[in-house]
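All remarks here apply to the structure that follows.
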Amino acid sequence: MSVRIVATIPFTDQKPGTSGLRKKVRVFQAANYLENFVQSIFDSIAAPRGSTLTVGGDGRYYNREAIQIILKMAAANGFGRVLVGQGGILSTPAASCVIRKYQTFGGIVLSASHNPGGPDGDFGIKYNIGNGGPAPEKVTEAIFARSKAMAEYRILDAADIPLDVIGETRLGDMTVQVIDPVSDYAELMETLFDFGAIRSLLAGGFRLKFDAMHAVTGPYAREIIEKRLGAPAGSVMNAVPLPDFGNGHPDPNLTYAHELVEIVYGAAAPDFGAASDGDGDRNMILGKGFFVTPSDSLAVLAANATLAPGYRNGLAGIARSMPTSAAADRVAQALGVPCYETPTGWKFFGNLMDAGKVTLCGEESFGTGSDHVREKDGLWAVLFWLNILAVRRQGVEAIVREHWARYGRNVYSRHDYEGLPTESANGVMQHLHDSFAVLTGSQLGSYKVVFCDDFSYIDPIDGSVSTGQGVRIGFGDGSRIVFRLSGTGTEGATLRIYLEAYEPDVSKHHLDAQVALAELIGIALQVSQLRERTGRTEPTVIT
Ligand code: G1P
Ligand code: ZN
């Protein structure tokens with residue numbers, strides 16, 4: 001087996017977004033595209049010779065081919081060992097768990113998260129550092145800079161490595177160790193949650209449905225929920241990961257997880273419903289005919305954290321992304337712990353967790369997690385809820401309503417306008433920037449604008465600055481509208497509008513969010529000129 005040095009020319013578009021490099025499968029299949037990016041990672045991270053790397057993906061189309069290339073390139077670039085999930089599978093949180101547990105130098109995760117898969121779908125690759133978390137911006141920027149100057153990559157000439165049997169294979173001077181993708185993660189969950197209490201809840205007739213959406217969490221959920229916790233077979237639906245996710249869009253929200261939604265809003269609804277996304281880091285929580293917004297879910301987990309053994313000693317602090325509602329802030333205040341507001345994207349939580357400043361983190365985009373790993377974690381959130389339900393013996397809806405009664409309700413919704421022409425989306429953002437001065441201090445219907453800005457963040461640990469993180473319009477009563485362009489799309493531009501209104505009055509807590517937010521929605525459309533500039537009259541997805 002010999003190392004081949006392949007001459008290549010740089011691609012100009014290998015800039016990692018909110019969560020790694022995401023492109024159409026066909027882009028990744030183009031000659032040298034994946035290889036150039038992988039070499040850029042290896043050149044930038046400069047792992048000492050003989051280092052260990054973790055590799056796995058969400059099982060989407062092109063996962064196996066990409067893993068073979070990465071293994072051969074890792075061998076040619078001096079790695080000593082690669083831990084790879086059996087069948088090339090590792091959910092994003094499980095990859096984080098493996099990196100941390102075995103202290104590997106870092107890890108490569110192949111996923112485009114919730115974006116559709118298949119030959120015409122999306123593919124993605126992200127690098128995680130030794131703490132198990134997404135590479136921080138200084139690392140992704142170095143990778144991008146390197147990609148623009150890429151002239152050659154190194155790859156071992158070798159036959160494909162068997163990935164389906166647990167065990168070790170030699171690849172040149174490197175060992176490929178195929179590991180069980182589920183067991184390390186499942187063990188970690190057992191240390192955090194009261195499996196005994198959840199088992200007895202389930203044994204008492206409590207019914208649940210978990211939708212793996214034909215994506216990576218199927219094997220994890222079957223092992224943990226059905227096998228270790230004893231839920232009846234079939235409690236996990238769409239449990240077999242498929243390369244095209246069964247032609248679905250593996251994004252756990254009310255629009256894309258409609259199969260589950262119909263079940264939990266149907267006649268024979270189970271007590272609890274949940275879903276996870278393509279790579280297993282997102283979650284959606286549902287009660288019988290009741291949807292828990294991710295922002296509320298974070299707040300409820302924080303308020304009830306000490307009911308779970310792993311969090312019995314309380315929380316050091318909470319962090320949420322800027323567009324996430326301030327529901328968690330109210331809990332943090334009551335608990336007397338700090339609450340941090342970070343830009344969108346999980347990579348901003350890593351430093352806070354490493355420094356011991358926060359225990360729980362969350363994003364409105366169906367992402368919740370804690371310092372047990374350095375990624376958001378879908379099944380973890382599901383188990384956390386089950387632990388709380390098992391101790392409190394109340395329904396999901398009752399728990400959320402009690403929470404609102406105590407803290408007030410941060411009524412929340414996000415409206416996404418997907419697939420916009422980039423120019424008109426940029427035009428909307430530019431128009432908003434140009435309106436800051438006029439808007440500030442103005443009265444819009446019953447709302448008075450108290451501030452208007454583009455969010456920027458100074459990392460309290462390393463002092464790094466991130467600017468241009470989203471336009472905020474803040475109102476006198478704490479209500480907010482936020483506008484942001486997505487950093488994970490692969491086609492055109494996606495404009496997200498985040499709407500939040502604070503409602504302390506319990507008699508109004510029953511209102512549907514879209515009804516309660518109607519005036520703010522109108523203001524958002526008016527000040528952004530979105531309809532005029534894009535020709536769109538309705539959002540593509542409402543969450
Ligand atoms: C989206 C979400 C963000 C999340 C990211 C990765 O990014 O909004 O919260 O961290 O996916 O799952 P966006 O497309 O908005 O840049
Ligand atoms: Zn994901």
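Miscellaneous remarks
- For VAL236, neighbours were defined as the other residues whose beta-carbon sits under 9 Å from its Cβ, and their charges (Lys and Arg +1, Asp and Glu -1) total 0.
- Overall form of the chain per C-alpha gyration tensor (a/c, 1.5; a/b vs b/c): oblate
- Using alpha-carbon coordinates, inclination of helix 378-392 to the longest axis of the chain, degrees: 50 degrees
- Cα-based Rg of the stretch 56-142 normalised by 2.2 N^0.38 Å, two decimals: 1.06
- Relative contact order (%) - the stretch 191-240, alpha-carbon pairs under 8 angstrom, separation at least six: 44 percent
- At 0.692 mPa s and 37 °C, Stokes D of the stretch 470-543 from Kirkwood alpha-carbon radius, µm² per second: 239 µm²/s
- Both radii are taken from the alpha-carbon atoms of the stretch 183-319; with Rh as the Kirkwood radius, Rg/Rh is 0.96.
- Placing unit charges on each Cβ (+1 for Lys and Arg, -1 for Asp and Glu) gives the chain a dipole about its Cα centre, and among PRO48, SER2, HIS431 the Cα reaching farthest toward its positive end belongs to PRO48.
- Computed magnitude of the charge dipole of the chain (debye, nearest 20; Cβ of K, R +1, Cβ of D, E -1): 540 debye
- Reference-scaled alpha-carbon Rg (2.2 N^0.38 Å with N residues) for the stretch 1-93: 1.08
- Volume of the convex hull of the stretch 251-293 (Cα atoms only), normalised per residue: 57 Å³.
- Mean ellipticity per residue at 222 nm, deg cm²/dmol - from DSSP H runs of n ≥ 4 across the chain, formula -39500 (n - 2.57): -9500 deg cm²/dmol
- FRET efficiency for ASP244 and ARG26, using Cβ-Cβ distance with R0 set to 22 Å, rounded to 0.05: 0.95
- Relative compactness, the stretch 415-543, computed as alpha-carbon Rg over 2.2 N^0.38 Å: 1.10
- Global geometry of the stretch 1-53, whether rounded, prolate or oblate, following the gyration tensor of its Cα atoms and the 1.5 cut on a/c: oblate
- Enclosing the Cα atoms of the stretch 396-461 in their convex hull gives a volume equal to 232 cubic angstrom per residue.
- Leading residue at positive end of dipole, the stretch 86-219 (Cβ point charges), from ALA151, GLY130, PRO162: GLY130
- Seen against the Cα atoms of the chain and their longest principal axis, helix 396-407 is set at about 60 degrees.
- When the Cα gyration tensor is reduced to axis lengths a ≥ b ≥ c, the ratio a/c is 1.5 or higher for the stretch 350-451, and with a/b above b/c it is classed as prolate.
- Temperature 20 °C, viscosity 1.002 mPa s: under these conditions the Stokes-Einstein estimate for the stretch 347-393, based on its Kirkwood radius over C-alpha pairs, is 189 µm² per second.
Values quoted throughout were computed directly from the atomic coordinates according to the rules given, and no laboratory measurement underlies them. All figures in this text were calculated on a predicted structure; none of them were measured in a lab. Neighbour counts run over all protein chains shown; Cβ positions are idealised from the backbone, glycine included.
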